[in-house]
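A quick write-up on the structure given underneath.
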Amino acid sequence: MVERSNAVIVGAAESPYSRHPPEGTTTESLLADAFVRVLEATGIRREEVDGLGVASFTLAPDRAIDLAWKLGVRPRWLMDDGNGGASGIQLIQHAMRAIDAGDAETVVLLSGDHFTRDDFKALVDDYNRTTAQYLSKIPHGGPNALFAMLTRQQMEVHGLERADYGRIAVAQRRWAGLNPGAVYRDPITLDDYLASPAVVEPLHRLDCVPVVSGADALVLRGPGEGIRIRALRALHNYDGQEGDGLRTGTAEIAGELWRDAGVGPDEMDVISVYDDYPAMALAQLNDLGFVGDGDLSGFLRRRIEEEQLPVNTSGGQLSAGQAGCAGGMIGLVESVLQLQGRAGERQVEDARLAVVTGYGMVLYRYGACANAIVLERP
Amino acid sequence: MSARVFVCASCGRAVFPRRLLCPDCGGREFRDEQVETATLEDFSDRGQVKLGAVRAPSGPLLIARVEGDPRRGGEVSLDEDGDVPVARA
């Protein structure tokens, strides 16, 4: 049992995601916009912010301290985190302890990226040294070809067809239609999904996240009113990139997570899993224990399609977009908004408990980072 | 023609890519092992280029550029283009 943090999440905000942001948009301008919006949402004054954490691929060579300077913040606690899809929960894991220990009282966490075409190619080709040395010169063209293999293996092991993955894409698009902030909101059918152009078989366009520019923000404070953190667990590099990639580190921590939280998957009102590809969203739902009997196809048909289980209710990255490192915070922001009753048309009625996963950092074959958090509206 | 994997000088554990420390024993020294043939466990076709997941007999899985007409589960011969493993079906 890990000691529960007394820190609470008091606010969440998003700088609108955009496929084609206005001229002059920069990573720091997006992060600043998310910062201003989260202060507006919480009524917290800039002078009260004494902790700042930032996750971004494209802020470099600037760091959190550059942002603190330009935002006019004087942090007692400062942190950079570049762990992509795991960065949001990673930042919370540190920030909540800083608040518990008294290092800071009001922590703003920011996450976001703005990509030009060149930025994105550089990110994909030079993602890490291993990618630059062994993959980009194949050329591998980014993670799609790797996750195409993982998806195909998952299909083979679990007897899945493309239409099974389509249920995730269709369901998330339905949620996105209720989210004014999602970049793709028009409803899609299973036929639309199946007919979308191939990227790398078996992945088609609607299996791949649209790259967007955008930023997300959270505010954490000490004990008081806010969204509680019932449990947070992480395990990174659990298999040294030597497993099948379809069982993530989340599987290793799920038991501890639910035990710490004192609740189980069936009690979750809102679920946010990291959805870089439908196969990985499905893998994490399975790892968390949502599938139970291991019948992935039946789960997708019954729980996702028929019962409309509230998974990735913002539309997720598949429909709302992937704004680089903000992909590690989109599920947190959405879950906080849901628990605060601020999710607008897509509000899940009386949402009290949420689980969010982080996943990512494709070191060689698949994501190495995994973390998960259970949130509660008291 | 062959491709390299890396074998821990202390315990003989093979890895690819090379690590800083052996995952099993923590050893710091690795020697090259030349691998001539391997099993193509899977591949994906990007059109101009195919990527494959290639299992060396000593254990490591390599992501390789695949040439020829690949078949899942089939044997491939290995080569290198600089650091990039190349698998010929």
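The values are calculated or read from the model by the stated rules, or taken from the named source; none is laboratory data. All of these numbers come straight from a predicted model, not from anything done at the bench. Backbone-built Cβ (ideal geometry, glycine too); neighbour counts: all protein chains shown.
Could you pull out the residue among A:Leu150, A:Leu190 that is surrounded by fewer than 20 Cβ atoms within 10 Å (Cβ to Cβ) and either more than 23 Å from B:Gln48 (Cβ to Cβ) or within 14 Å of another protein chain (Cβ to nearest Cβ) (or both)?
Values: A:Leu150 fails: surrounded by fewer than 20 Cβ atoms within 10 Å (Cβ to Cβ).
After ruling out the rest, the residue left standing is A:Leu190.
Taking into account only those residues within the range A:81-110 that are surrounded by fewer than 19 Cβ atoms within 10 Å (Cβ to Cβ) and not basic (Lys, Arg), which is nearest to A:Asn371 (Cα to Cα)? Steps first, answer last, please.
Within the range A:81-110, the first condition is being surrounded by fewer than 19 Cβ atoms within 10 Å (Cβ to Cβ), and the residues that meet it are A:82, A:94, A:97, A:100-103, A:105.
After this cut, where a residue has to be not basic (Lys, Arg) as well, the list is A:82, A:94, A:100-103, A:105.
Details: A:Gly82: 14, A:His94: 13, A:Asp100: 20, A:Ala101: 22, A:Gly102: 24, A:Asp103: 23, A:Glu105: 24 Å.
Ranking the candidates gives A:His94 first.
Quick test of your reading of the structure: A:Gly141 fulfils all but one of (1) modelled with pLDDT of 95 or more; (2) in the same structural domain as A:Gly240 (by TED's automatic domain parsing). Name the failing condition by number.
Evaluating A:Gly141 over (1) modelled with pLDDT of 95 or more; (2) in the same structural domain as A:Gly240 (by TED's automatic domain parsing) leaves (1) as the failure.
Output the residues belonging to the range A:80-121 that are small (Gly, Ala, Ser) and touching an Asp or Glu at 6+ places or on another chain (Cβ under 7 Å). If you could, list the steps in order and put the result at the bottom.
So the first thing to find is which residues in the range A:80-121 are small (Gly, Ala, Ser), and the list is A:82, A:84-88, A:95, A:98, A:101-102, A:104, A:111-112.
Across the range A:80-121, the qualifying residues are A:Gly85, A:Ser87, A:Ala104, A:Ser111, A:Gly112.
Within the range A:230-254, work out how many residues are assigned to a loop (DSSP other than H, G, I, E, B) and farther than 25 Å from A:Ile9 by Cβ. Can you show your working first?
At the first step, the residues of the range A:230-254 found to be assigned to a loop (DSSP other than H, G, I, E, B) are A:235-248.
With farther than 25 Å from A:Ile9 by Cβ added as a condition, the list becomes A:237-247.
Selection size over the range A:230-254: 11.
Quick check on A:Glu23: is it out of contact with any Leu (no Cβ under 6 Å at 6 or more places or on another chain), among the acidic types (Asp, Glu) and not in a helix (DSSP H, G or I)?
On the way: out of contact with any Leu (no Cβ under 6 Å at 6 or more places or on another chain): yes; among the acidic types (Asp, Glu): yes; not in a helix (DSSP H, G or I): yes.
Against the criterion (out of contact with any Leu (no Cβ under 6 Å at 6 or more places or on another chain), among the acidic types (Asp, Glu) and not in a helix (DSSP H, G or I)), A:Glu23 qualifies.
Is one or more of the residues making up the range A:124-147 at negative phi, more than 19 Å from the chain's Cα centre (by Cα) and more than 14 Å from every other protein chain (Cβ to nearest Cβ)? Give the derivation first.
Restricting attention to the range A:124-147, the residues satisfying the condition of being at negative phi are A:124-140, A:143-147.
This time we only want the ones that are more than 19 Å from the chain's Cα centre (by Cα), so: A:125-126, A:128-140, A:145-146.
Adding the requirement that they be more than 14 Å from every other protein chain (Cβ to nearest Cβ) leaves A:126.
Yes.
For residues in the range A:59-79 being touching a helix residue (DSSP H, G or I) at 6+ places or on another chain (Cβ under 8 Å) and part of a loop (DSSP other than H, G, I, E, B), which is surrounded by the fewest Cβ atoms within 10 Å (Cβ to Cβ)?
It comes out as A:Gly72.
Restricted to the range A:341-363, and to residues that are surrounded by 20 or more Cβ atoms within 10 Å (Cβ to Cβ) and within 21 Å of B:Ser44 (Cα to Cα), which residue is farthest from the chain's Cα centre (by Cα)?
Looking at residues that are surrounded by 20 or more Cβ atoms within 10 Å (Cβ to Cβ) and within 21 Å of B:Ser44 (Cα to Cα), I get A:Val362.
Can you pull out every residue in the range A:309-355 that is among the charged types (D, E, K, R) and out of contact with any strand residue (DSSP E or B) (no Cβ under 9 Å at 6 or more places or on another chain)? Spell out the reasoning first.
Of the residues in the range A:309-355, the ones among the charged types (D, E, K, R) are A:334, A:342, A:345-346, A:349-350, A:352.
Correct list: A:Glu345, A:Arg346, A:Glu349, A:Asp350.
Within the range B:1-88, considering only strands (runs of 3 or more DSSP E) that don't extend past its boundaries, which have at least 3 residues that are touching a residue at least 12 places away in the same chain (Cβ under 8 Å), more than 9 Å from chain A (Cβ to nearest Cβ) and touching a Ser or Thr at 6+ places or on another chain (Cβ under 8 Å)?
Values: elements: B:3-8, B:30-35, B:37-45, B:50-55, B:61-67, B:75-81, B:84-88.
Because the criterion is at least 3 residues that are touching a residue at least 12 places away in the same chain (Cβ under 8 Å), more than 9 Å from chain A (Cβ to nearest Cβ) and touching a Ser or Thr at 6+ places or on another chain (Cβ under 8 Å), the strands (runs of 3 or more DSSP E) in the range B:1-88 that meet it are B:30-35, B:75-81.
Which residue is nearest to the other protein chains (Cβ to nearest Cβ), if the candidates are limited to the range A:200-217 and must be assigned to a helix (DSSP H, G or I) and crowded, with 22+ Cβ neighbours inside 10 Å?
Going through the range A:200-217, the residues assigned to a helix (DSSP H, G or I) turn out to be A:205-207.
From what is left, the residues that are crowded, with 22+ Cβ neighbours inside 10 Å are A:206-207.
Working: A:Leu206: 17, A:Asp207: 13 Å.
Ranking the candidates gives A:Asp207 first.
Taking only the range B:46-75 into account, find how many residues are over 19 Å from A:Leu146 (Cα atoms) and of a type in the set (Val, Ile, Thr).
Adding up the residues that qualify gives 0.
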